[in-house]
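Peer 1: I have a structure here, written as C-alpha coordinates, and I will follow up with some questions on it.
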Amino acid sequence: MEATSTEGRILDVLEQDAQASYAEIAERVDVSKPTVRKYIRKMENEGIIVGYSADVDPKKLSETSIALVGLDVASERYVEATRELKGLESVESLYTSSGDHMLMAEVRAPDGDALGDVISEQILSIEGVTAAHPSFLQERLK
(Lines give C-alpha, C1' and ligand atoms only; values in the text may rest on other atoms or scores of the structure.)
Protein backbone atom coordinates (compact mmCIF):
# COMPACT_ATOMS: atom_id res chain seq x y z
CA MET A 1 0.00 0.00 0.00
CA GLU A 2 1.33 3.43 -0.92
CA ALA A 3 1.97 5.34 2.32
CA THR A 4 0.82 8.61 0.74
CA SER A 5 -2.72 7.32 0.14
CA THR A 6 -5.31 7.82 2.87
CA GLU A 7 -5.57 4.04 3.32
CA GLY A 8 -1.80 3.75 3.55
CA ARG A 9 -1.52 6.53 6.13
CA ILE A 10 -4.31 4.97 8.23
CA LEU A 11 -2.59 1.58 8.07
CA ASP A 12 0.72 3.18 9.12
CA VAL A 13 -0.97 4.58 12.24
CA LEU A 14 -2.69 1.26 13.04
CA GLU A 15 0.57 -0.67 12.60
CA GLN A 16 2.23 1.68 15.09
CA ASP A 17 -0.71 1.64 17.53
CA ALA A 18 -3.53 -0.85 16.98
CA GLN A 19 -5.43 0.75 19.87
CA ALA A 20 -5.47 4.25 18.39
CA SER A 21 -8.96 5.78 18.44
CA TYR A 22 -10.65 7.08 15.33
CA ALA A 23 -10.02 10.61 16.67
CA GLU A 24 -6.29 9.95 17.11
CA ILE A 25 -6.00 8.41 13.65
CA ALA A 26 -7.98 11.27 12.08
CA GLU A 27 -5.69 13.84 13.68
CA ARG A 28 -2.49 12.05 12.62
CA VAL A 29 -3.72 11.39 9.07
CA ASP A 30 -5.39 14.80 8.72
CA VAL A 31 -8.86 13.52 7.78
CA SER A 32 -12.21 13.41 9.60
CA LYS A 33 -13.28 10.67 12.04
CA PRO A 34 -16.07 9.50 9.68
CA THR A 35 -13.46 9.17 6.91
CA VAL A 36 -11.26 7.04 9.17
CA ARG A 37 -14.24 4.89 10.16
CA LYS A 38 -15.23 4.45 6.48
CA TYR A 39 -11.71 3.44 5.38
CA ILE A 40 -11.18 1.06 8.29
CA ARG A 41 -14.54 -0.65 7.73
CA LYS A 42 -13.74 -0.95 3.99
CA MET A 43 -10.28 -2.42 4.65
CA GLU A 44 -11.73 -4.89 7.18
CA ASN A 45 -14.44 -5.97 4.70
CA GLU A 46 -11.86 -6.40 1.91
CA GLY A 47 -9.60 -8.48 4.15
CA ILE A 48 -6.77 -5.94 4.13
CA ILE A 49 -7.08 -5.60 7.90
CA VAL A 50 -7.49 -9.13 9.20
CA GLY A 51 -7.23 -8.42 12.93
CA TYR A 52 -5.67 -6.39 15.67
CA SER A 53 -2.98 -7.61 18.01
CA ALA A 54 -0.52 -6.61 20.69
CA ASP A 55 3.24 -6.70 20.12
CA VAL A 56 4.81 -8.68 22.93
CA ASP A 57 8.34 -8.58 24.30
CA PRO A 58 9.04 -12.29 25.00
CA LYS A 59 11.69 -11.45 27.59
CA LYS A 60 9.06 -9.70 29.73
CA LEU A 61 6.81 -12.76 29.75
CA SER A 62 7.99 -14.70 32.76
CA GLU A 63 5.60 -17.58 32.13
CA THR A 64 5.66 -17.80 28.33
CA SER A 65 8.23 -19.01 25.82
CA ILE A 66 7.86 -18.03 22.17
CA ALA A 67 9.51 -19.59 19.14
CA LEU A 68 9.33 -18.93 15.44
CA VAL A 69 9.26 -22.37 13.87
CA GLY A 70 10.11 -23.01 10.24
CA LEU A 71 7.99 -25.90 9.00
CA ASP A 72 8.48 -28.17 6.02
CA VAL A 73 5.32 -29.84 4.75
CA ALA A 74 4.79 -32.48 2.10
CA SER A 75 3.07 -30.75 -0.80
CA GLU A 76 0.37 -33.42 -1.13
CA ARG A 77 -0.67 -32.82 2.53
CA TYR A 78 -0.23 -29.03 2.55
CA VAL A 79 -3.91 -28.05 2.81
CA GLU A 80 -4.75 -30.61 5.49
CA ALA A 81 -1.58 -29.95 7.51
CA THR A 82 -2.10 -26.19 7.37
CA ARG A 83 -5.69 -26.60 8.55
CA GLU A 84 -4.54 -28.71 11.51
CA LEU A 85 -1.73 -26.28 12.40
CA LYS A 86 -4.19 -23.37 12.41
CA GLY A 87 -6.31 -25.34 14.87
CA LEU A 88 -3.56 -25.79 17.45
CA GLU A 89 -4.03 -23.51 20.44
CA SER A 90 -0.27 -23.07 20.88
CA VAL A 91 0.14 -21.76 17.32
CA GLU A 92 -0.39 -18.02 17.74
CA SER A 93 0.13 -17.22 14.04
CA LEU A 94 0.97 -19.10 10.88
CA TYR A 95 2.48 -17.69 7.68
CA THR A 96 3.39 -19.02 4.26
CA SER A 97 7.04 -18.40 3.49
CA SER A 98 9.25 -18.01 0.46
CA GLY A 99 12.38 -18.66 2.52
CA ASP A 100 13.97 -21.88 3.68
CA HIS A 101 10.65 -23.33 4.92
CA MET A 102 7.14 -23.53 3.46
CA LEU A 103 5.53 -22.21 6.64
CA MET A 104 6.55 -20.12 9.63
CA ALA A 105 4.64 -20.55 12.89
CA GLU A 106 4.74 -18.43 16.02
CA VAL A 107 4.38 -20.97 18.80
CA ARG A 108 3.80 -20.14 22.48
CA ALA A 109 3.97 -22.34 25.56
CA PRO A 110 4.51 -21.87 29.32
CA ASP A 111 8.24 -22.66 29.12
CA GLY A 112 10.94 -24.09 26.88
CA ASP A 113 10.18 -27.70 27.81
CA ALA A 114 6.48 -27.26 27.05
CA LEU A 115 7.38 -25.54 23.78
CA GLY A 116 9.55 -28.52 22.83
CA ASP A 117 6.65 -30.83 23.67
CA VAL A 118 4.28 -28.82 21.46
CA ILE A 119 6.72 -29.11 18.56
CA SER A 120 7.52 -32.79 19.00
CA GLU A 121 4.14 -34.10 20.14
CA GLN A 122 1.65 -31.87 18.34
CA ILE A 123 3.25 -30.21 15.34
CA LEU A 124 5.47 -33.06 14.17
CA SER A 125 2.64 -35.56 14.70
CA ILE A 126 0.55 -33.84 12.03
CA GLU A 127 0.59 -35.97 8.91
CA GLY A 128 2.56 -34.18 6.22
CA VAL A 129 4.73 -32.05 8.52
CA THR A 130 8.20 -33.36 7.72
CA ALA A 131 10.42 -31.03 9.78
CA ALA A 132 10.28 -28.26 12.36
CA HIS A 133 13.12 -25.80 12.92
CA PRO A 134 12.53 -23.63 16.02
CA SER A 135 14.20 -20.34 16.87
CA PHE A 136 13.43 -19.26 20.42
CA LEU A 137 12.74 -15.53 20.79
CA GLN A 138 14.66 -13.86 23.58
CA GLU A 139 14.40 -10.09 23.49
CA ARG A 140 12.32 -7.71 21.39
CA LEU A 141 14.62 -5.04 19.92
CA LYS A 142 12.06 -3.03 17.99
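The values are calculated or read from the model by the stated rules, or taken from the named source; none is laboratory data. Here the structure is a predicted model, which is why all the values come from computation and not from measurement. A quick note on method: Cβ atoms are made from the backbone with ideal geometry, for glycine too, and the neighbour counts reach across all protein chains shown. Protein only, heavy atoms only, side chains kept; ligands, DNA and RNA dropped before computing areas. Shrake-Rupley method; radii C 1.70, N 1.55, O 1.52, S 1.80 Å.
Peer 1: For a label point 7 Å from the Cα of ALA131 along Cα→C-beta, name the residues of segment 94-112 whose backbone N is under 17 Å from it.
Peer 2: So the set is 97-105.
Peer 1: Using alpha-carbon positions, what is the distance between the centroids of segment 1-54 and segment 60-122, in Å?
Peer 2: 30 Å
Peer 1: For the pair ASP17 and GLU80, how long in nm is the line joining their label points, each one 7 Å along Cα→Cβ?
Peer 2: It works out to 4.8 nm between the two label points.
Peer 1: With each pseudo-label sitting 7 Å past Cα toward Cβ, what's the GLU27-GLU139 distance in nm, one decimal?
Peer 2: Label at GLU27, label at GLU139, 3.4 nm between them.
Peer 1: What accessible surface, in Å², does a 1.4 Å probe find on ILE126, ignoring ligands, DNA and RNA and rounding to the nearest 10?
Peer 2: Using a 1.4 Å probe on the heavy atoms, I get roughly 10 Å².
Peer 1: Still on this structure: If you roll a 1.4 Å probe over the chain with all protein chains in place, what percent of the accessible area is carbon or sulfur?
Peer 2: 46 percent
Peer 1: Before I look further, what does the chain give for accessible area per residue, probe 1.4 Å, in whole square angstrom?
Peer 2: Per residue, the chain has an accessible area of 65 Å².
Peer 1: Using only C-alpha positions, report the orientation-averaged shadow area of the convex hull of the chain, nm², one decimal.
Peer 2: Mean projected area for the chain: 10.2 nm², to one decimal.
Peer 1: I've got another one for you. In the chain, if the dipole is taken from +1 on Lys/Arg beta carbons and -1 on Asp/Glu beta carbons about the Cα centre, which of SER53, ILE126, MET104 is farthest to the positive end?
Peer 2: It is SER53, whose Cα lies furthest towards the positive end.
Peer 1: Restricting to Cα atoms and excluding each atom paired with itself, what does the Kirkwood estimate give for segment 58-142 in Å?
Peer 2: For segment 58-142, the Kirkwood estimate is 12.9 Å.
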